[in-house]
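Comments concern the structure below.
The values are calculated or read from the model by the stated rules, or taken from the named source; none is laboratory data. In this text the structure is predicted, and so the values were computed from the model without any measurement. Positions of Cβ are generated from backbone atoms using ideal geometry, with glycine treated the same way; all protein chains shown enter the neighbour counts.
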Amino acid sequence: MALIELSGITKYYEMGDQVVKALDGIDIAVEKNDYLAFIGSSGSGKSTMLNILGCLDKPTTGEYHLNSKNVEALDANELSEIRNLEIGFIFQSFNLLPRATALGNVMQPLVYRGIGLSKRKEMAMEALNRVGLGDRTDHLPNQLSGGQRQRVAIARALVTNPSILLADEPTGNLDSKTTIEIMQLFDELHSEGHTLIVVTHEDEIAQHCRRIVEMKDGKVFNDSTSHSAKVSH
């Protein structure tokens, strides 16, 4: 069975007397160690897709299986547990705790797992070393560059050893040089066996991925597994 299976997924919103079809019948499978980009313009449905995949929202209809678990049948507590166990989030705005050090930020997800302090520190140090920030563990977010903050966020996502890394416009707040460095890190993580899903509107970010799923009007418009595939608009 695929790591992720979406069958007939819809997400409808009522806006006054109109029904907006944010997702309109999505069927897609993601295998372990896939490296996939969801791409599309504003309003294409890719952000709604991210919320569904990240268990932040439930579909209106359809089935979502993550690691053989039937996600849309879970209650709020079970969804929270799935997010903590299965998904590592990487956001455009980093979402770091401003008063916590890099080490403290990376340790945070482990608190909910009941892991002892010394083990939490050891696991967080390992994750920070993996992203090249072993020498910045005591720095607060405002003492770090944008690229370093995103590396802390990636380490925080990695520390729980999740089934998928889910990145939402991960380079949106970074300059072009730092963007290249972060995408190189993503490429390395994929080569190490991680499953990465990137949501982006930038073609050059999508080109790093091994598979590009273009969305349009809440539907899958194009699904290409060619690394050199060009995305049409």
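Here are a few things to note about the model shown:
- The sole residue among GLY88, GLY147, GLY104, GLY132 that is touching an Asp or Glu at 6+ places or on another chain (Cβ under 7 Å) and under 26 Å from LEU174 (Cβ atoms) is GLY147.
- Check on LYS46, surrounded by 20 or more Cβ atoms within 10 Å (Cβ to Cβ), of a type in the set (D, E, K, R) and touching a residue at least 40 places away in the same chain (Cβ under 8 Å): yes
- Filter result for ILE197 (closer than 23 Å to ALA127 by Cβ, buried (at least 19 other Cβ atoms within 10 Å of the Cβ) and in contact with a Leu (Cβ under 6 Å, 6 or more places away or on another chain)): yes
- Counting only strands (runs of 3 or more DSSP E) that sit completely within the stretch 1-43, those holding 2 or more residues that are in contact (Cβ under 8 Å) with a residue 60 or more places away in the chain, closer than 21 Å to LYS58 by Cβ and not basic (Lys, Arg) correspond to 4-15, 18-30.
- When CYS55 is tested against the conditions (1) part of a strand (DSSP E or B); (2) of a type outside the set (Gly, Ala, Ser); (3) in contact with a helix residue (DSSP H, G or I) (Cβ under 9 Å, 6 or more places away or on another chain), the lone failure is (1).
- Selected residue (criterion: farthest from ASN70 (Cα to Cα)) from residues of the stretch 1-39 that are out of contact with any helix residue (DSSP H, G or I) (no Cβ under 9 Å at 6 or more places or on another chain) and of a type in the set (Lys, Arg): LYS21
- Filtered residues of the stretch 98-123 (kept if surrounded by fewer than 17 Cβ atoms within 10 Å (Cβ to Cβ), of a type in the set (A, V, I, L, M) and modelled with pLDDT of 95 or more): ALA100
- Residue match in the stretch 91-105 (condition: within 23 Å of THR48 (Cα to Cα) and part of a strand (DSSP E or B)): yes
- Pair list, Cβ under 6 Å, 6 or more apart: the stretch 57-78 residue on the phi > 0 side of the Ramachandran plot, other residue of a type in the set (A, V, I, L, M, F, W, C) and modelled with pLDDT of 90 or more: GLY62/ILE9
- Residue in the stretch 97-114 that is out of contact with any Gly (no Cβ under 9 Å at 6 or more places or on another chain) and touching a residue at least 60 places away in the same chain (Cβ under 8 Å) present: no
- Under the condition of being crowded, with 20+ Cβ neighbours inside 10 Å and part of a loop (DSSP other than H, G, I, E, B), the residues counted in the stretch 124-135 number 2.
- Some residue of the stretch 169-184 being in a loop (DSSP other than H, G, I, E, B), small (Gly, Ala, Ser) and in contact with a Leu (Cβ under 8 Å, 6 or more places away or on another chain): no
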